[in-house]
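Some notes on the structure that comes next.
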Amino acid sequence: MREEHLIEIKRWAEFVRTHKREEWKPQIKSLIDSQIIIANRFYKRLARTNNGKEKIKKLIENRIRNIKK
């Protein structure tokens, strides 16, 4: 992990620890919402490709397998 990235993670963790949820939740909510939107667009595009639905099925199976480890 890049040093700058690690510094930002630590800075954000400190901010979350030292501020009320009402202060930091709106900031993180917009980030998470945008990531979900981007992921949904990706899966919709992938589903329209050759073998796309099969690829999605394999991705889900791999995630489930990794969670169980």
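The alpha-carbon of K20 sits under 23 angstrom from the alpha-carbons of these lysines, leaving out residues fewer than 8 places away in its chain: K10, K29. Extending 7 Å from the Cα toward the beta-carbon at both K25 and K44 defines two label points whose distance is 2.8 nm.
Taking a sphere under 14 Å around the Cβ of R65 and counting the other residues whose Cβ falls inside, with K and R at +1 and D and E at -1, yields a net charge of +4.
Against the empirical 2.2 N^0.38 Å (N residues), the chain has a Cα radius of gyration ratio of 1.57.
Each stretch of four or more DSSP H residues adds -39500 (n - 2.57); spread over every residue of the chain, this sum gives -30000 deg cm²/dmol at 222 nm.
A short reminder: the numbers here are calculations on the coordinates, not readings from a lab. Here the structure is a predicted model, which is why all the values come from computation and not from measurement. Cβ sites come from the backbone with ideal geometry, for glycine too, and all protein chains shown count toward neighbours.
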